[in-house]
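Have a look at the structure below, then the notes.
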Amino acid sequence: MARDHFTLDFDPDCGDAPLTAARQDIVIGRWQGVRDLLRTTGADWLARGHRVRALAQACARSSTVESWLAAEPRSADALVLRAATETTRAFNLAIAAGRGVPIDQRRTDAAVTACLHAAEAYPEDPTPWISLISVARLYPSGVRRQELARWWDELHRRDPYSVEGHLQVLHYYSSRWHGTHGLMYDFARDAAGAAPHGCALPVLVQYARVEEFRYALDAAKGRHAAVMLSQHWNHDGAVSDVRRTWERWIMGRADGAVVPGELRDLHYLAHAACLAGLPDIGAPLLQLVGRRAARTPWSYTGDPEQQILKWRAELGLRA
């Protein structure tokens with residue numbers, strides 16, 4: 001059977017081989033490979049954002065970015081990576097502390113300062129502004145509305161259709177952080193409505209639906225909320241949202257290979273389509289991503305590998 005011979009690849013770098021090599025350099029404390037990778041990435045903001053986030057995860061557990069800055073203190077790329085790394089470290093502290101337990105504000109302030117320094121060093125780059133909006137969530141009461149709006153304006157001016165940038169604002173506006181379901185969905189739908197045909201921003205609505213699901217699971221605290229949540233993915237509104245995203249994004253998407261920076265977004269839509277009972281959308285999406293798998297959002301509804309293989313089998317997809 002096809003399912004028996006089909007193996008998923010949960011590569012955290014999403015098939016980005018140069019990124020994998022650079023992350024391996026970080027493990028041994030070598031920063032030159034990281035420098036060369038970011039230099040060659042240039043102003044491809046989608047690839048740059050994907051790479052910086054992955055590199056920051058690796059740098060958060062080492063002193064590699066500090067070694068790079070000691071050697072090249074004026075490097076704009078090093079400052080951008082340091083900002084993302086400080087943001088990652090702050091979130092790691094927050095995760096370790098547990099939800100609702102604030103971390104030392106000095107750590108959050110330090111991450112904000114690093115982001116602002118990076119933005120000054122590399123004025124064209126939207127990446128520091130994404131990091132800045134992300135770390136804003138860690139303030140117990142958020143940040144002033146005017147400040148968030150200013151940071152958003154800076155990001156939007158540099159990369160108006162950044163999915164990751166919009167996603168950080170969506171998280172900020174979610175009920176799990178500093179907003180409400182309504183505010184989160186309004187932001188997602190407004191962004192989707194303003195996006196040109198073929199742009200990935202409509203998938204923000206699927207991100208919002210996952211965020212709402214996670215909030216409901218947290219609120220249930222292990223109680224049997226499955227009856228209420230069972231229709232979370234397949235009620236009329238959810239189904240319409242999936243079809244709308246498919247039509248506005250995928251139907252206008254340029255033909256070609258899936259780049260690493262869009263793999264997660266495609267899995268969010270594939271997950272939504274499968275759970276919404278839309279085989280005409282789920283099948284081509286799973287065919288498009290092929291063996292290249294992402295753990296989220298599948299991990300929120302079960303075992304990622306089992307779910308993807310199950311849906312592939314049910315949809316009649318072959319290796």
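The values are calculated or read from the model by the stated rules, or taken from the named source; none is laboratory data. Please read these numbers as outputs of a predicted model, since none were measured by experiment. The protein model used for the area step is the full one, side chains on, heavy atoms only, and it has no ligands, DNA or RNA in it. Shrake-Rupley method; radii C 1.70, N 1.55, O 1.52, S 1.80 Å.
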Under the span-like rule (Cα at least 30 Å along the axis, Kyte-Doolittle mean at least 0.5), DSSP H helices of the chain | 76-97
Per the Cα gyration tensor, segment 160-290 corresponds to an equivalent ellipsoid with semi-axes, largest first in Å, of 24, 18, 12
Mean shadow area of segment 1-90 over all directions, Cα convex hull, nm² = 7.0 nm²
Counting only protein heavy atoms and rolling a 1.4 Å probe, one gets per residue an accessible area for segment 202-277 in Å² of 47 Å²
Which values, in whole Å and largest first, are the semi-axes of the equivalent ellipsoid of segment 80-156 obtained as the square root of 5 times each eigenvalue of the Cα gyration tensor?
-> 21, 14, 9
Scan around R292 for amide H atoms under 5 Å from its own, H built in the peptide plane at 1.01 Å from N, and keep only partners 5 or more places away or cross-chain.
-> D9
To the nearest Å², the heavy-atom accessible area per residue of segment 1-53 with 1.4 Å probe amounts to 54 Å²
Could you state the principal axis extents of the C-alpha atoms in segment 69-210, from the largest down, to the nearest angstrom?
-> 45, 36, 25
Rg/Rg_globular for segment 164-206, with Rg_globular taken as 2.2 N^0.38 Å and Rg from C-alpha atoms | 1.09
How far is the Cα center of segment 168-225 from the Cα center of segment 59-83, in Å?
-> 33 Å
Quick one: in the chain, what % of C-alpha pairs are over 31 Å apart?
-> 33 percent
Just the number, please: carbon plus sulfur as a percent of the accessible area of the chain, 1.4 Å probe, no ligands or DNA/RNA counted.
-> 52 percent
